[in-house]
Structure formats: C-alpha cells, structure tokens
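Data first, discussion second: the structure below is written as structure tokens.
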Amino acid sequence: MAEERPIGGYNLGSSESLSIYSLAPTPGHRASPGLPEIVDDADSITPTPPLRLNVPPNPFNTSPLGSSSNSSAVQLHQQRQSQKYFRSRRVKKGEAPHSWKIKKDPREKWVTIIPLIGLALGFALAGFLVYDGLQTVVHHNYKLVLDEDWSEGFNTDVWLKEAQVGGYGNGLFDQTTDTDENVYVQDGRLYIKPTLQNETLITTNNNLTLGASCTGTTFYACNAVTNTTNGTIVPPVKSGRITTRNGPTIKYGRIEVTATLPSGDWLWPAIWLLPLNSTYGPWPASGEIDIAESRGNNYTYPAGGNNIISSALHWGPNTQDDAFWRTNNKLSALHTTFAAKEHTFGVEWSQKYIFTYVDTRLLQVLYNPFTPEGLWARGQFPLSLSNGTTITDPWVDGGFNAPFDQQFYLILNVAVGGTNGWWQDGVAGKPWVDNSLTAEKDFWDARDQWLPTWGDGAQMVVSKVQMWQQLD
C-alpha cells in the first residue's frame, strides 16, 4: 500500500486512488452544545470504503523511482521525458568547430581570383569598344540650305511642279500637272493628291499636248493619244510631282521630310533623289537615292502595302544591269501604317556612306558604306550585253563612291500604277498586265474596284522639309 497522508481529514493515497474516511473528533474533543457527546473510542470509527477518482498522472512528478509501490512504465516514461525537456542546450566548451583553424588548400583561392579577373577583363573590353565606337562616329559640319514649312505657300523659287504625260520611264498611269488640283498648300501643309482624268479624253479619240508647260525633254513626255480603235488612252489619272531641281541641291549632307503617306490601291508614293546632271550617263549610271517608297494598298499586299517602306540605291552601267538589289532594304511599321500618321523620312550622305532612316537616325532602313574598290567591283557586272556589246565601267573617272559623288535634287510624288514590275502581275487582283498594250485602259476599266479604296487618305501630306549641305 502507498503511504497515506492526511489532508484536512482526507487521506491522499497513491496518484491513482484517493480514500475518503469518515471524520471523528480528536481525543478530548467536545461536541458542540446540543449535540450528543461522541465517545472517544477508536473501535467505534467505521472506515468508509475508498472512493476511486480518475486523477490524471502528474507529468512533473519527481519522486524517486521505486518510492511508490504502484509505479508503472508510464510514470517512468513521463519522468524521462521531463528530464529530457529540461536538459541544457548550451554548447559545451571544445565542442564548437573552429573552421578558421583548419588549413585550406592554397589552390582554392583561384576559384575566386579567376572569375574576378575575367569580370575585370570583360568590363575593360566593353569600355574600350564603347570608346572606340564613339571615336568612329562621324560628326560633320552642316549648313541648312532649305527649311520649308509652307508658311508662305508654295514657293516657286524652291519647288518645281513637273508637268508630263510620258510615265517617267516606268510606264506610270498618271499625268503630273502643274495645277492646284493635284498639288496645293492648305493649313500649313503641302498636299499631293491624285484625281481622275477628264473622262472625255479617254472615251473619245483625243490628243493630249502639254505644250510650253511640259517639263519633259522628249516628245512622248509631253504628248499622249487616245485611240479607241487600238485601245490606247491618255493617262487615266492626274497627280503631282514636285522637285528642287531649280532650287537647292546637295552633294553630301542630310535631308528630312516629315509626311503622311497615302492609302489606296495602286498608289505609289516616293521621296527620293536624282542627280542634277547625268555625269556618268543615263539612268541608272548616274545614280538614284530612294529615301522612302511605299504602296497605297493595305497590309495584305504580298510585297507590303502602306505598312512597309523601302529604301534603295540604283546604280549600274545600263537599265538591264541595275544593281539596286544589292543596296535595298525594307522597314515595317509596328502595328500601324505609314498612312496612319506622319513620320520623318531622312537620309544622311557623305563621302564614305549613305544611310536612310525613319523618325530617328537610330532607326536605320538602309546603310551602305563606300569601299575603296568602288561600286564597279562590287556590282560584279557581266562583261557584255546579250547582243555582244562590251560593258565598260562608267565610273572609271569618278571617285570610289561614284556615281554618288555629284549634286542631287529632291523629288516628292505620288505615282499611280505602272508597268515596270513594281506591281507584280496576277497578284492581289491587279487589273492589268505589264506587257499589255492596253494596260492603262484595263486599269481605267477597273476603276469601280480601286477608286473606292482611295477615300480621304489618298494623298501625301507634307508638313516639313529640311536640307543640309555638308561643309567638310
């Protein structure tokens, strides 16, 4: 039996049971008045049967093992757990590792040193490349020779309205006029707008003669005929083409034209340069610089519509050997078109290079360096024509950048159609064939298809033109 300890008349037995006895006064104790006297007789005390209570064991009981006769395995486990819980976690002296005292392999330092050396060399090389690049950037001196904002209307001292009907060597379908119908200034902007030809000139036999107003130099540039028998007609559309041929020209420099390009099927807008003199011979021997060309058709046109512009240099000993395909590139508008808003189309031209750009010189379309061997070697032209005529270098007396070492003038125009291959036969519903003798009439007969696409956006709108002459 476990030791019983009386507490206030109760005897506390083991942790598992509690015995309750009847209470009796201690010897010599008197009962309260009015109560019968209780005899102090131990034999008269009748113990009450013990009442078992489910008292939970004390987890913190630290009684020595074996001090209670009813100790169990549960008590032993609890006691051990209690001892573990209160065990010290302090690291004892000598148990902590002294990593700094461990002797390391001296080769391990190179694991850090080698990457740092590589990083330093990389920064040094990058710095040198940036420095070298900045040193090679050419900073030319320029003089502004044209700053046109149309605030004073159309300045005839600067601009010439071309008047021709011959198609300018490309079989174009438009007659360029010198009237305000197709080229005019409105609200501080220049408009070049194509319009339909007088229908009477097309449907009846007629001769269209420009006379003294013609700016061309050949008979066919100034005269056109409608013959209802064989199907030839005068140009079915009128449009505009202006140049600085009688105004400012440059040999090396910069040009920027801020304009909105037209939209409408079979419209061909262009911002470009031609040589003032044919120093090296007829086109393309004396060169051509196309700053920006486009098509008015929408983006579904396979070669690109008004969402694409192209830049090119034309050069070669003859028309059959035009090497423009070696110096040609395109730029796409990002999620828009060049007819949606105005852009700045520019060219920078020096003795050593020509490059074109849109909006900023950093967004280049075409970059062409001039190398010491010259364009003749670069072109790799054949030795002779198909008829056996020998082909000779037309730039033999020019510089290494010939033919782009002469004075050039600026041209702005909106052409229509053409038979030179700019519009591919059988593509996108093209209503004419280039080799057909009735190409212009076929185009006119299909006007119900293309005229509705012109709308209000069928014009080039120019807000500013600037030209700088290089001085060094």
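The values are calculated or read from the model by the stated rules, or taken from the named source; none is laboratory data. Worth saying up front: this structure is predicted, and the values here are computed from it rather than measured. Heads up, the Cβs are rebuilt from the backbone with ideal geometry, glycines too, and the neighbour counts pull from every protein chain shown.
Screening GLU256 with (1) part of a strand (DSSP E or B); (2) buried (at least 21 other Cβ atoms within 10 Å of the Cβ); (3) not hydrophobic (A, V, I, L, M, F, W, C) gives one miss only, at (2). Across region 447-457, a minimum of one residue is classified as in contact with a helix residue (DSSP H, G or I) (Cβ under 9 Å, 6 or more places away or on another chain) and modelled with pLDDT of 95 or more.
Of all residues in region 185-223, which are in a loop (DSSP other than H, G, I, E, B) and of a type in the set (Ser, Thr, Tyr)? Let's see the steps before the verdict.
Filtering region 185-223 down to residues in a loop (DSSP other than H, G, I, E, B) leaves 187-188, 193-194, 197-198, 204-205, 210, 214-218.
Within region 185-223, THR204, THR215, THR217, THR218 meet the criteria.
Being out of contact with any Ser or Thr (no Cβ under 6 Å at 6 or more places or on another chain) and charged (D, E, K, R) is true for just one of ASP425, ASP434. Which residue is that? Matching residue, one of ASP425, ASP434: ASP425.
Given the residues ASP472, ASP397, ASP425, which is the only one that is more than 27 Å from GLY379 (Cβ to Cβ) and free of Cβ contacts under 8 Å to residues at least 24 places away in the same chain? So that I can check it myself, show each step before the final result.
Values: ASP472 fails: free of Cβ contacts under 8 Å to residues at least 24 places away in the same chain; ASP397 fails: more than 27 Å from GLY379 (Cβ to Cβ).
Step by step, each of ASP472, ASP397, ASP425 is checked, and only ASP425 is more than 27 Å from GLY379 (Cβ to Cβ) and free of Cβ contacts under 8 Å to residues at least 24 places away in the same chain.
Screening region 420-472 for residues that are among the polar types (S, T, N, Q) and surrounded by fewer than 16 Cβ atoms within 10 Å (Cβ to Cβ) and picking the one that is farthest from VAL234 (Cα to Cα) gives GLN424. Within region 161-215, which residues are within 39 Å of the chain's Cα centre (by Cα), under 26 Å from TRP423 (Cβ atoms) and either β-branched (Val, Ile, Thr) or modelled with pLDDT under 95 (or both)? Selection gives THR176, VAL183, ILE192, THR195.
A single member of ALA270, ALA312 is without any contact (Cβ under 8 Å) to a residue 60 or more places away in the chain, among the small types (Gly, Ala, Ser) and either surrounded by fewer than 21 Cβ atoms within 10 Å (Cβ to Cβ) or outside any loop (DSSP other than H, G, I, E, B) (or both), and it is ALA312.
In region 224-253, what count of residues is obtained for those that are assigned to a loop (DSSP other than H, G, I, E, B) and of a type in the set (Ser, Thr, Tyr)? Give the steps one after another, and end with the answer.
If we filter region 224-253 for residues that are assigned to a loop (DSSP other than H, G, I, E, B), which is where we start, we get 228-231, 233-236, 240, 244-249, 251-252.
After this cut, where a residue has to be of a type in the set (Ser, Thr, Tyr) as well, the list is 228-229, 244, 249, 252.
Looking only at that region, the number is 5.
Filtering region 273-295 to residues that are crowded, with 22+ Cβ neighbours inside 10 Å and among the β-branched types (Val, Ile, Thr) leaves ILE289, ILE291.
Report yes if some residue within region 196-207 is of a type outside the set (Gly, Ala, Ser) and at positive phi; otherwise report no. No: zero hits.
Out of THR356, THR300, THR337, which single residue is polar (S, T, N, Q), touching a residue at least 40 places away in the same chain (Cβ under 8 Å) and in contact with a Leu (Cβ under 6 Å, 6 or more places away or on another chain)?
On the way: THR300 fails: in contact with a Leu (Cβ under 6 Å, 6 or more places away or on another chain); THR337 fails: in contact with a Leu (Cβ under 6 Å, 6 or more places away or on another chain).
Testing whether each residue is polar (S, T, N, Q), touching a residue at least 40 places away in the same chain (Cβ under 8 Å) and in contact with a Leu (Cβ under 6 Å, 6 or more places away or on another chain) leaves just THR356.
The residue of region 317-360 that is farthest from GLY398 (Cα to Cα), among those that are in contact with a strand residue (DSSP E or B) (Cβ under 7 Å, 6 or more places away or on another chain) and loosely packed, with under 14 Cβ neighbours inside 10 Å, is LYS341.
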